[in-house]
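Chemist: Got a structure for you, questions after.
The values are calculated or read from the model by the stated rules, or taken from the named source; none is laboratory data. Everything quoted here is computed from the prediction, not taken from an experiment. Every residue, glycine among them, receives a Cβ derived from its backbone with ideal geometry; neighbour counts consider all protein chains shown.
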Amino acid sequence: MWEKVKSFASEFFVTGDPMIYGADVSIVLVTLAIIVGLSYFKKWGWLWREWLTTVDHKKIGIMYIIASFIMLFRGGVDALLMRAQLAMPNMEFLAADHYNQVFTTHGVIMILFMAMPFMFGLFNVIVPLQIGARDVAYPFLNALSFWLFFSGAMLFNLSFVIGGSPDAGWLAYPPYSGLMHNPGVGQDFYIWGIQISGIGSLMTGINFIVTILKMRAPGMKLMKMPMFPWSVLSSCIAIIFSFPILTATLALLFLDRYAGAHFFTLDGGGNPMMYINLIWMWGHPEVYIIVLPAFGIFSEIVSTFAKKKLFGYKSMVFAMIIISVLSFLVWAHHFFTMGSGADVNAFFALTTMLIAIPTGVKVFNWLFTMFRGKITFETPMLWTIGFIPCFVTGGMTGVLLSVAPADFQFHNSYFLVAHFHHVIIGGVVFGYFAGLYYWWPKLFGFKLNERIGKWAFWLWNIGFYLCFMPQYVLGLMGMTRRVYTYGWDKGWWEMNLVSTIGAGFMGIAFLFQIWQIIYSVKHLKKDETGDPWNGRTLEWSIPSPAPLYNFATLPQVSDQDEWWEEKQRRANGQQVPAKPVLEPIHMPKNSGIPIVMSMCWFLAGFGFVFHWQWLTIPGLIGVVACMLVHSFNYNNDYYIPVDEITRTESELRKVTS
Amino acid sequence: MAQHETAHEESHGSLKTYSIGFLCSIVLTIIPIAIVLGGWFDGMVSKVVLMGAAALQFIVQLIFFMHLREEQKPRYNLMALILGIVILLIIVVGSMWIMLYNMVAV
Amino acid sequence: MAQRNVNHAGQVSPAELHSEDHGHPDMEEMRKFGFWIYLMTDIIIFGTLFATYIVLKGNTNGGPGPADLFQIGGIIVSTFILLISSYTSGLAVLAMHKGNRQALMRWLGVTALLGAAFIAMEVNEFIHLVGEGATLSTSAFLSAFYTLVGTHGLHVLVGLVWMIAIIIQLGKHGITPVTKRKVHIISLFWHFLDVVWIFVFTIVYLMGVS
């Protein structure tokens, strides 16, 4: 009996690596600390009522952002481990198989469990406020999306200590991700972690499309909508058409592994290239999905800090929509070398070059918005200005890669690695940081410390260029991606060392950001105005943090930068139209179903990973039961009475006036 | 939000339109079956006619059963559908082109 | 920001009240629209499976091909069953607009029964095929076939459970704006599954045997 338990445990838990034992201990300690802390301060009820069951878009957004920061930490540690291993030739810091796991989890976590939730967090917090809505279209579904993401991320991260991490790269190309070459459970963790959170992403996409199209404040025509909701709309269009491809493709891969199907296997007539074809149909739109909202953020910030209307509003809208549709026509440039023939490669090379044009249009729009503006350089604007040269160079190397014959040289070299980090860090990460700094006061009611923020900004930028510029050179010198070590004879060590030093700078920069948050909380200076940046859009017209119902009365919109124009009208002494009397506000009730249902998905996923039917079946039954319970529940909303709104508003206004 | 009935009750077809749609679908199902079982056409022609019949039936269902024509402006449902079909065609035709007709190796 | 207090207890003109009213989106309409968008995502899922089927259908790995396996007679019957059920779900919606709850529940019941018959025939077909030695792991063609047809069948099954849940809710609550929306959505889903089946029928079965 004891022997049995021992042999089970030695396979079930990952053993043999001191780093992982350390992780085990710290996970147990942190979990214990959380449980003890919550019990000691008697906060369980509070946590359940205020956060775990909430359907309030602002709280869901905050939870997304916290989760994404934790994931940024994990993904960043992975990155530093890799850079440490590559710092010098013949390093013996990470073994080859461990290195494979680290680059796999780094990629998956950074794209799917860091960038996506960070983006969804900003969607949630800001979009309803900017379009003058009281919530998203489907608050229940919104909570469900978050908890599905959370379960998926937990399942994926669990593979670190239980069963073993996936090691077939962030897109898990078969045949290496197939059962024949990868019999462990790592790839199954990969599939189910992404699958569960992917369902959540898909629902968020639907939710925000409907929210933006149907819930704008009266008078806000689509062409008067701020740019961030436009970018969210175009990103969500790409989400709803690309995530189903991911879901289907991973399901097929899972059938190969679980049920002996032959989609992507080497035997039985399967075709591994079909997987690569399908996964990039999702994978390419995915990178535009995460970068489009960043473009929206930059547009908001540029016009706020240059105190000018955004230059070329219509061309910006047009460019974003074009990008989101065109992103579906470029996928084959990820496998020019697979041998599809000249006409396929020529077509996809052309579409790839074409998609650079609308992106270029945007860069000019931002530059012209800044032109002759009275620019002030607070941290959100700094990140925006840091973004432009970074993204332009990153984009240029992308155009180089799009030349199909040249790509045969660049393919899977460090040149490629440098390129996509350039656009994703320079575009996405800088963009979300800019957005977080910009909207932080709206979220929490106080600004982040500028001085530490500037330190973080400069450290990030210096670290970034130190880390990735040498990698272009390394790529041209012949260093291929995913090698775990190299010899002295290659002549790569100087560049690699510089690159590692740069990565260290970025790690320190992240610590500065954490310190910045802690410092700003400790030396809290409450923002009394609700409008600390002299903003232009509706979210700045209400107190911060926004009350539960956002707008006591829905605003009547007549201009593109409605809040800015409103302030001008007031300054000019124009009479402010009287607001309508308060009415009871219809709100959705909190619900525990999303978190319970996501936990059921988690259990089902875990059962699938280990082929434990006794866990899978109850898990799936739980999912169906949750759906039915929700369907049969007709009591899921309530009204906030007028006197409560009046009370809340007068308290908030007392602070603001 | 307040429960207010929309003044103009949207139309949902009538027994007549549903029956017309149903008859059309029956006919459009029988034709391809006859083509295949009777072996009327072969090769490419057969494929084109079969896909044409399926596409027609799709349109019949959209109009008579899903009432796509009666949507109020702005016609987001129609726009979403058109975009969906475009992407669908990109996926299917693109995969066929890349995987079946262009392999240098095969 | 001091001005903000000024307008707080102001008077209201009827025009503004009216525009305020426009700010309330019609919740039930909005949910139907969201479901339509969901259907678009489902189109893409099926599109991916169709693409996979078309690319892999030649790879029979020395096993049986479409022409050897499919028995078109049974498939034609199940096609007509699904077509008729699409019509009866339309009749249910018509009955709902006449306010006839009994007829509505009856037509939904008929639709669900037809759906169950369809699933029974599909299960029967799969059992027959497996009996012939054509399983999911026989060849890439069969993997793609079972996955495409099975995914459609799974959708029908989900629709079935859902339809029964809605019939029960109609019995409990009668025809309300909420149940109305639910009937609309399920019938939309049902028509959609019919459309998908038309393409499965054409591309997998008819083109398979011709």
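Chemist: It is to be established whether one or more residues within the range A:318-339 are under 19 Å from the mean Cα position of the chain (by Cα), within 11 Å of chain B (Cβ to nearest Cβ) and closer than 29 Å to A:M223 by Cα.
Modeler: Taking the range A:318-339 as the starting set, the residues that turn out to be under 19 Å from the mean Cα position of the chain (by Cα) are A:320, A:323-324, A:327.
Those left that are additionally within 11 Å of chain B (Cβ to nearest Cβ): A:324, A:327.
Next, only the ones that are closer than 29 Å to A:M223 by Cα stay: A:324, A:327.
For the range A:318-339, residues under 19 Å from the mean Cα position of the chain (by Cα), within 11 Å of chain B (Cβ to nearest Cβ) and closer than 29 Å to A:M223 by Cα: present.
Chemist: Listed residues A:G164, A:G178, A:G152, A:G184; which is surrounded by fewer than 24 Cβ atoms within 10 Å (Cβ to Cβ), out of contact with any Phe, Trp or Tyr (no Cβ under 6 Å at 6 or more places or on another chain), small (G, A, S) and in contact (Cβ under 8 Å) with a residue 40 or more places away in the chain? Spell out how you get there, then give the answer.
Modeler: Numbers: A:G178 fails: surrounded by fewer than 24 Cβ atoms within 10 Å (Cβ to Cβ); A:G152 fails: surrounded by fewer than 24 Cβ atoms within 10 Å (Cβ to Cβ); A:G184 fails: in contact (Cβ under 8 Å) with a residue 40 or more places away in the chain.
The conditions single out A:G164.
Chemist: With respect to A:M495, is the statement that it is more than 24 Å from the chain's Cα centre (by Cα), touching a residue at least 12 places away in the same chain (Cβ under 8 Å) and in a helix (DSSP H, G or I) true?
Modeler: yes
Chemist: Of the conditions (1) assigned by TED's automatic domain parsing to the domain that holds A:R257; (2) surrounded by 15 or more Cβ atoms within 10 Å (Cβ to Cβ); (3) without any contact (Cβ under 8 Å) to a residue 24 or more places away in the chain, A:L582 fails just one. Which one is it?
Modeler: Of (1) assigned by TED's automatic domain parsing to the domain that holds A:R257; (2) surrounded by 15 or more Cβ atoms within 10 Å (Cβ to Cβ); (3) without any contact (Cβ under 8 Å) to a residue 24 or more places away in the chain, only one is false for A:L582: (3).
Chemist: Filter the range A:419-452 down to residues that are more than 19 Å from the chain's Cα centre (by Cα) and surrounded by fewer than 24 Cβ atoms within 10 Å (Cβ to Cβ), then give me how many there are.
Modeler: Number of matching residues: 10.
Chemist: Hey, among A:I191, A:I199, which residue is closer than 30 Å to A:I297 by Cβ and β-branched (V, I, T)?
Modeler: Matching residue, one of A:I191, A:I199: A:I199.
Chemist: So A:F305 clears everything in (1) within 14 Å of another protein chain (Cβ to nearest Cβ); (2) at negative phi except one condition, right? Which one?
Modeler: (1)
Chemist: Taking the criterion of being at pLDDT 90 or above and either under 15 Å from the mean Cα position of the chain (by Cα) or facing another protein chain (nearest Cβ under 7 Å) (or both), would at least one residue in the range B:6-17 satisfy it?
Modeler: Within the range B:6-17 (the criterion being at pLDDT 90 or above and either under 15 Å from the mean Cα position of the chain (by Cα) or facing another protein chain (nearest Cβ under 7 Å) (or both)), the answer is no, since none of the residues qualifies.
Chemist: Check off (1) without any contact (Cβ under 8 Å) to a residue 12 or more places away in the chain; (2) of a type outside the set (K, R); (3) buried (at least 23 other Cβ atoms within 10 Å of the Cβ) for A:N271 and give me the number that stays unchecked.
Modeler: For A:N271, the failing item is (3).
Chemist: Quickly run through the range A:175-209 and pick out the residues that are away from chain C (no Cβ under 14 Å), within 17 Å of the chain's Cα centre (by Cα) and among the hydroxyl-bearing types (S, T, Y).
Modeler: A:S197
One line per residue, one yes/no per condition, for (1) in the same structural domain as A:V498 (by TED's automatic domain parsing); (2) more than 22 Å from A:E300 (Cα to Cα); (3) not polar (S, T, N, Q):
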| residue | (1), (2), (3) |
| --- | --- |
| A:G398 | yes, yes, yes |
| A:V417 | yes, yes, yes |
| A:F420 | yes, yes, yes |
| A:V423 | yes, no, yes |
| A:A434 | yes, no, yes |
| A:G445 | yes, no, yes |
| A:N449 | yes, no, no |
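Listed here are the residues, each with its yes/no results for (1) buried (at least 20 other Cβ atoms within 10 Å of the Cβ); (2) modelled with pLDDT of 95 or more; (3) assigned to a strand (DSSP E or B); (4) not assigned by TED's automatic domain parsing to the domain that holds A:F103.
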{"position": "A:L466", "(1), (2), (3), (4)": "no, yes, no, no"}
{"position": "A:Q471", "(1), (2), (3), (4)": "yes, yes, no, no"}
{"position": "A:G507", "(1), (2), (3), (4)": "no, yes, no, no"}
{"position": "A:P545", "(1), (2), (3), (4)": "no, no, no, no"}
{"position": "A:N550", "(1), (2), (3), (4)": "yes, no, no, no"}
{"position": "A:E565", "(1), (2), (3), (4)": "no, no, no, no"}
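Chemist: Among the residues of the range A:359-372, is any touching a Phe, Trp or Tyr at 6+ places or on another chain (Cβ under 7 Å), without any contact (Cβ under 8 Å) to a residue 60 or more places away in the chain and surrounded by fewer than 18 Cβ atoms within 10 Å (Cβ to Cβ)?
Modeler: Yes, because at least one residue in the range A:359-372 is touching a Phe, Trp or Tyr at 6+ places or on another chain (Cβ under 7 Å), without any contact (Cβ under 8 Å) to a residue 60 or more places away in the chain and surrounded by fewer than 18 Cβ atoms within 10 Å (Cβ to Cβ).
Chemist: Here's something else I'd like to know. Can you confirm whether A:D167 is under 19 Å from A:F606 (Cβ atoms) and charged (D, E, K, R)?
Modeler: Working: under 19 Å from A:F606 (Cβ atoms): no; charged (D, E, K, R): yes.
Taking the combined requirement at face value, the residue does not satisfy it.
Chemist: Between residues in the range B:36-51 that are more than 7 Å from chain C (Cβ to nearest Cβ) and residues that are in a helix (DSSP H, G or I) and among the hydroxyl-bearing types (S, T, Y), which pairs lie under 9 Å by C-beta distance while being six or more apart or on different chains?
Modeler: Every condition considered, the pairs that remain are B:G39/B:S46; B:W40/B:S46.
Chemist: Then there is this: Given the residues C:I164, C:I168, C:I198, which is the only one that is assigned to a helix (DSSP H, G or I) and more than 11 Å from chain A (Cβ to nearest Cβ)?
Modeler: Working: C:I164 fails: more than 11 Å from chain A (Cβ to nearest Cβ); C:I168 fails: more than 11 Å from chain A (Cβ to nearest Cβ).
It is C:I198.
Chemist: Go through the residues of the range A:279-287 one by one and say whether even a single one is closer than 22 Å to A:L144 by Cβ, assigned to a helix (DSSP H, G or I), at pLDDT 95 or above and more than 8 Å from every other protein chain (Cβ to nearest Cβ).
Modeler: Yes - at least one qualifying residue is present in the range A:279-287.
Chemist: Please give the number of the condition B:M99 fails out of (1) in contact with a helix residue (DSSP H, G or I) (Cβ under 8 Å, 6 or more places away or on another chain); (2) within 30 Å of A:W282 (Cα to Cα); (3) within 14 Å of chain A (Cβ to nearest Cβ); (4) at pLDDT below 90.
Modeler: (4)
Chemist: Taking the conditions exactly as written (assigned to a helix (DSSP H, G or I), surrounded by 18 or more Cβ atoms within 10 Å (Cβ to Cβ) and within 14 Å of chain A (Cβ to nearest Cβ)), does C:L142 satisfy them or not? Show your work before the answer.
Modeler: Working: assigned to a helix (DSSP H, G or I): yes; surrounded by 18 or more Cβ atoms within 10 Å (Cβ to Cβ): yes; within 14 Å of chain A (Cβ to nearest Cβ): yes.
It is true that C:L142 is assigned to a helix (DSSP H, G or I), surrounded by 18 or more Cβ atoms within 10 Å (Cβ to Cβ) and within 14 Å of chain A (Cβ to nearest Cβ).
Chemist: Hey, another quick one. Checking A:I276 against (1) at the interface with chain C (Cβ under 8 Å from one of its Cβ atoms); (2) in contact (Cβ under 8 Å) with a residue 24 or more places away in the chain; (3) surrounded by fewer than 24 Cβ atoms within 10 Å (Cβ to Cβ); (4) more than 30 Å from A:W564 (Cβ to Cβ): exactly one of these is not met. Which one?
Modeler: (1)
Chemist: With the condition kept exactly as written, say whether any residue in the range A:329-340 is surrounded by fewer than 17 Cβ atoms within 10 Å (Cβ to Cβ), touching a residue at least 24 places away in the same chain (Cβ under 8 Å), in the same structural domain as A:W280 (by TED's automatic domain parsing) and not in a loop (DSSP other than H, G, I, E, B). It would help to see each step written out before you state the result.
Modeler: So in the range A:329-340, the residues surrounded by fewer than 17 Cβ atoms within 10 Å (Cβ to Cβ) come out as A:337, A:339.
Now restrict to residues that are touching a residue at least 24 places away in the same chain (Cβ under 8 Å): A:337.
From what is left, the residues that are in the same structural domain as A:W280 (by TED's automatic domain parsing) are A:337.
Filter once more, keeping what is not in a loop (DSSP other than H, G, I, E, B): A:337.
Yes, the range A:329-340 contains a residue that is surrounded by fewer than 17 Cβ atoms within 10 Å (Cβ to Cβ), touching a residue at least 24 places away in the same chain (Cβ under 8 Å), in the same structural domain as A:W280 (by TED's automatic domain parsing) and not in a loop (DSSP other than H, G, I, E, B).
Chemist: Then there's this: Just one of (1) under 16 Å from B:Q61 (Cβ atoms); (2) outside any helix (DSSP H, G or I) trips up C:F80, so point out which.
Modeler: Every condition holds for C:F80 apart from (2).
Residue by residue, here is whether (1) farther than 26 Å from A:N142 by Cα; (2) surrounded by fewer than 12 Cβ atoms within 10 Å (Cβ to Cβ) holds:
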site: A:A33; (1), (2): yes, yes
site: A:S39; (1), (2): yes, yes
site: A:K42; (1), (2): yes, yes
site: A:L47; (1), (2): no, no
site: A:K58; (1), (2): no, no
site: A:I62; (1), (2): no, no
site: A:V77; (1), (2): yes, no
site: A:M82; (1), (2): yes, no
site: A:A115; (1), (2): no, no
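Chemist: Output yes when any residue across the range A:122-143 is touching a residue at least 12 places away in the same chain (Cβ under 8 Å), over 30 Å from A:A546 (Cβ atoms) and assigned to a loop (DSSP other than H, G, I, E, B), and no when none is.
Modeler: no
Chemist: Suppose we keep only residues that are assigned to a helix (DSSP H, G or I) and more than 22 Å from A:I60 (Cβ to Cβ) within the range A:579-613. Which one would you say is farthest from the chain's Cα centre (by Cα)?
Modeler: To start, the set of residues in the range A:579-613 that are assigned to a helix (DSSP H, G or I) comprises A:593-610, A:613.
Filter again for more than 22 Å from A:I60 (Cβ to Cβ), leaving A:603-604, A:606-610, A:613.
On the way: A:L603: 24, A:A604: 25, A:F606: 24, A:G607: 27, A:F608: 26, A:V609: 25, A:F610: 28, A:Q613: 33 Å.
Residue satisfying both the conditions and the ranking: A:Q613.
Chemist: Checking the condition surrounded by fewer than 22 Cβ atoms within 10 Å (Cβ to Cβ) and assigned to a loop (DSSP other than H, G, I, E, B), which residue from A:N90, A:N100 passes? I'd like the intermediate steps shown before the answer.
Modeler: Details: A:N100 fails: assigned to a loop (DSSP other than H, G, I, E, B).
So the residue among A:N90, A:N100 that is surrounded by fewer than 22 Cβ atoms within 10 Å (Cβ to Cβ) and assigned to a loop (DSSP other than H, G, I, E, B) is A:N90.
Chemist: Have a look at A:G312, A:G270 and point out the one that is over 22 Å from the mean Cα position of the chain (by Cα) and on the phi > 0 side of the Ramachandran plot.
Modeler: None of the other options fit; the residue is A:G312.
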